[in-house]
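The values are calculated or read from the model by the stated rules, or taken from the named source; none is laboratory data. This is a predicted model, so every value here is computed, not measured. Virtual Cβ from ideal backbone geometry, glycine too; neighbours counted across all protein chains shown. Quick note on the areas: whole protein, heavy atoms, side chains included, nothing else; ligands and nucleic acids left out. Shrake-Rupley method; radii C 1.70, N 1.55, O 1.52, S 1.80 Å.
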Amino acid sequence: MKNIESKLVESRKYKPDDKFIASSNLSPTDLKKLNNLYKEDPDNFWSILGHKEIKWIKNFKSICTGDAPFYEWFRDGKLNVSENCIDRHINKNKNAIIHITEDNKKQIITYDNLYTLVNNFSYSLKNIGLKKGDRVIIYMPTIPESIIAMQSCARLGLIHSVVFAGFSSESLRNRINDCSAKVVITVDAFMRNGNIIQAKDIVDKAIEDENCPTIKKCIIYKNLGKKIDLKDNDLWWHEILPSESKIVDPEIMASEDPLFILYTSGSTGKPKGIVHSSAGYLLNCIITNKWVFDIKDDDIFWCTADIGWITGHSYVVYGPLATGSTILIYDGAPTFPKPDRFWDIIEKNNVSIFYTAPTAIRTLMKLGENLPDNYNLRSLRLLGTVGEPINPKAWIWYQVKIGNKKCPIVDTWWQTETGANIIAPIPGITHTTPGTCTKPLPGIEIGIVDEEGNDITEINQGGNLVIKNPWPSMLRGIWDDEERYIDTYWKKFNNRFYITGDTARKDENGNIWIMGRSDDVVNISGHRLGTMEIESAIVSHEYVAEAAVVSYKHEIKGEAIHAFVTLKNSFKNYNNTEFSIQLRDWVKEKIGSIAKPDRVSFSDSLPKTRSGKIMRRLLRNIARGEDISGDTSTLENENILVQLKNIL
Ligand code: WT7
């Protein structure tokens, strides 16, 4: 099997500006020291960081023990994650959470308030009989109470599993049953896009008719004050709180005790319950917050991810709180009431660090390319992206329109499974180029290997992206499915390294470029191409908002390319044969005839997971004239499949 070929050249370079460099958390000397320390003695590297960043109840005795694929970190160490996130920062008069609702109410919670709220809710959870190790489902929007619920679980050693509140009752039911949860915590209802979503009804439907036999109680936080159907096992959040404030001692947890289970967004098969540990997970969250997001005492950090995703866990809840930072959370749609909502919130609240996803950037660009011009975004000093490769067109727009050409952009590559950033720029040091997540962070060894697991040493030759060393925040397994854990992440290369499932190449400067998922590679006349570069070339056309590329069988070439394209609103009527010919020539010009799509089709949107990832698997089914196969429960916009099938 040949390597994956790279055809697209992008060489624009951006340096951090002097003002940013002068105050950044890491200097080039610091970075060199960290890298050398790791090279000389990885255990010592992690030991120093472990001691420095975490408040231990009892010190650990070893660093990393065990063999692939089962590692343990910081054995014999005892800690409590919630104590690290909250108790450490009280009595400093510092804001923890700035909360904005969709209908524009604002609430500020200090660390002292948060301490009281978490202790009281921990008391309630304990009172209803929950014990260390029990699983608790949190089915809530991104509001302070969901953070309080997560932190209370951590305080008591309960394993939480946050289920994104956009999931259906069936998806919720499957997750409840997969981890045998005892309690669901939810809200009466919440607002999204001006509509009221009755979350409690969805929970009722999930657990009705004894469908979830392990569930003992459902706790409901009165969020909008909507009428609900109160069942026998339902408890109002406000009714189970103690009448006077209580202090609940943090449970003494072992380093390896699971902190949470999080089901992956699942652009491929059935969702996997990814298990994360306590100490190791916390450590990588903390150091990446400091190194990559350059977090400081006076920053206001807004990570737009929903708490239902790993980004919401690591960069809304655990990382920023453990570093004692101030976070902003917005419980609403980015386009409500208009697609300038993000910019308005940044201006009004002096957000200084902003972290979002390429899908959001592309959407806001599609719906309001010049809307940011109406806002003063000068409080921003750092921008981040995560979730997908960011195409250069979107990167540049982000840099110019949002970052005013002065904010470094950190394109952070990582996964639910890795727990924290793995490949990312150090903002005061790294020179960036649109489309690359640059280099692995200190302590991480990345490899790009061929189908036999041999290193690909040639520049710009693509292969499987693997991680060669264990790291503290790596997943500890898939809940209740050891075999699937080994099969998915380790088996192909005999446990030699962690398999990310992504493909990537390394350029002449040592920068890593993600080329797409391994499953999505297309094979045209014997050339293996990643989907990312072809899609990026299509999207660089002025009329185009989004594109997804898949292959279908072709008699001569083996496989041919089908491009699914969404046009910008103002160019919608170009969805015709003539323009598709133009677009094919455009790709030929940008990449070469090898990548020229044989078929182009236009639609209003593309099938995506609820976290915004394009589900190429479904598009492949459509392009190949097959029935849609596999799990579609993570699909966000079911209707689009009908439109796409009719177009063909
Ligand atoms: C997959 C992981 C990690 C938080 C959000 C997604 C893709 C993620 C990047 C990036 C290119 C990226 C990869 C990865 N991905 N970040 N900066 N550049 N691709 O978490 O749902 O577990 O998805 O997202 O394909 O494997 P996730």
(message) For region 204-219: of the residues being out of contact with any Leu (no Cβ under 7 Å at 6 or more places or on another chain) and of a type in the set (A, V, I, L, M), which is surrounded by the most Cβ atoms within 10 Å (Cβ to Cβ)?
(response) I207
(message) Only one of N404, N374, N370 is at positive phi and more than 11 Å from the ligand (Cβ to nearest atom). Can you tell me which?
(response) N404
(request) Assess whether A504 counts as being open to solvent by less than 20 Å² (accessible area, probe 1.4 Å) and within 16 Å of the ligand (Cβ to nearest atom). (result) yes
(request) Would you check if G625 is away from the ligand (no atom under 16 Å from the Cβ) and on the phi > 0 side of the Ramachandran plot? (result) yes
(request) Determine, yes or no, whether I329 is more than 16 Å from the ligand (Cβ to nearest atom), touching a residue at least 24 places away in the same chain (Cβ under 8 Å), in contact with a Leu (Cβ under 7 Å, 6 or more places away or on another chain) and of a type in the set (A, V, I, L, M, F, W, C). (result) no
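Conditions tested, residue by residue: (1) within 16 Å of the ligand (Cβ to nearest atom); (2) part of a helix (DSSP H, G or I); (3) buried (at least 22 other Cβ atoms within 10 Å of the Cβ).
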| position | (1), (2), (3) |
| --- | --- |
| N289 | yes, yes, yes |
| K296 | no, no, no |
| P339 | no, no, no |
| F354 | yes, no, yes |
| G384 | yes, no, yes |
(request) Would you check which residues across region 593-627 are surrounded by 15 or more Cβ atoms within 10 Å (Cβ to Cβ) and assigned to a loop (DSSP other than H, G, I, E, B) and list them? (result) K596, P597, D598, S603, S605, L606, P607, R610, S611, G612, K613, M615
(message) Show me the helices (runs of 4 or more DSSP H) found entirely inside region 1-54 where at least 2 residues are farther than 23 Å from V410 by Cα.
(response) 28-40, 42-53
(message) For region 97-154, which positions are open to solvent by less than 30 Å² (accessible area, probe 1.4 Å) and of a type in the set (F, W, Y)?
(response) Y111, F121, Y139
(request) Look at E542 and say whether it is farther than 18 Å from I423 by Cβ, part of a loop (DSSP other than H, G, I, E, B) and touching a residue at least 12 places away in the same chain (Cβ under 8 Å). (result) yes
(message) Among (1) more than 16 Å from the ligand (Cβ to nearest atom); (2) open to solvent by 30 Å² or more (accessible area, probe 1.4 Å), there is one condition K393 misses while meeting the rest; what is its number?
(response) (1)
(request) Mind listing just one residue for me: the one in region 507-521 that is small (G, A, S) and either farther than 10 Å from G463 by Cα or surrounded by fewer than 18 Cβ atoms within 10 Å (Cβ to Cβ) (or both) and, of those, farthest from the ligand (Cβ to nearest atom)? (result) G510
(request) Consider only pairs whose beta carbons are under 9 Å apart and that are at least six residues apart or on different chains; among these, list those whose first residue lies in region 579-600 and is in contact (Cβ under 8 Å) with a residue 60 or more places away in the chain and whose second residue is in a helix (DSSP H, G or I) and open to solvent by 30 Å² or more (accessible area, probe 1.4 Å). (result) I594/K588; A595/K588; P597/R584
(message) What pairs come out if I take residues in region 499-510 that are assigned to a loop (DSSP other than H, G, I, E, B) and pair them with residues that are more than 15 Å from the ligand (Cβ to nearest atom) whose C-beta lies under 8 Å away, six or more apart or interchain?
(response) D507/I459; D507/N460; E508/I459; E508/N460
(request) For region 303-325, enumerate the residues that are closer than 18 Å to G384 by Cα, open to solvent by less than 10 Å² (accessible area, probe 1.4 Å) and either of a type in the set (G, A, S) or not in a helix (DSSP H, G or I) (or both). (result) C303, I307, G312, S314, G319, S325
